[in-house]
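Nothing in this text is a laboratory measurement; each read-out follows from the coordinates by a stated rule. Keep in mind the model is a prediction, meaning the values are calculated, not measured. Here Cβ is always computed from backbone atoms with ideal geometry, including for glycine, and neighbour counts include all displayed protein chains.
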Amino acid sequence: MFFARYEASVLGSRTIEAEHLLLGLIRDGKGAVAEAFEVAGLSDRDARAQIEAQAGMRERLPTSVEIPFSGAMQRILRYAMEQADALKHREIGREHLLLGILTDGSSFSARMLKTHGITVESFRDRLTHVSGDVAHHGSGAAADGSGPLGVIASLEDIRTLVDELARHCAKDAMAQTLIRQIHLHLTALRRQIGGT
């Protein structure tokens, strides 16, 4: 949501729309959502160009300006909550936000995703496969982070922190080598718990 708000301010929008959420999800670049974009060949550059061409660019807003959700975005958030409930996940994550965009279906973003082969059905199938059918059996991530989905979420949080560290240590060769090693270990752990 932070990235969606940021994208809205960059594009000079007075409301946060599905397009800003999609750009935020692409910018975030994590988990099953990022993998789906990669498989579909949807890059940040392509999505941004299409969205800017459709929505147009206005004067950038300061990030301190409060930007409300549009009515469509509020619907998408409700759909995201419903998708999380249907999958028996205790928290709303990036994958549910993507499903919310797709479920609503009325936005330019939803149409763009569908042209890249990303649909509600295909993405839900992907999630079920990734989680080892954990959601189907009703044992989603526990609130305390236990269970396979909770552990995967924790690994993704660690990966996010490591990526942030990498940005701050971009010129330090030793730090970059250590960060690559941490990423390899995180990937191996994720595979061991069934979150490839």
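Quick notes on this one:
- Listed by Cβ neighbour count within 10 Å, with the fewest neighbours leading, Val162, Val33, Val120 appear as Val162, Val120, Val33.
- Long-range amide H partners of Phe69 with built H, under 5 Å: Ile16
- Using R0 = 35 Å, the C-beta based FRET efficiency linking Thr160 and Glu59 works out to 0.70.
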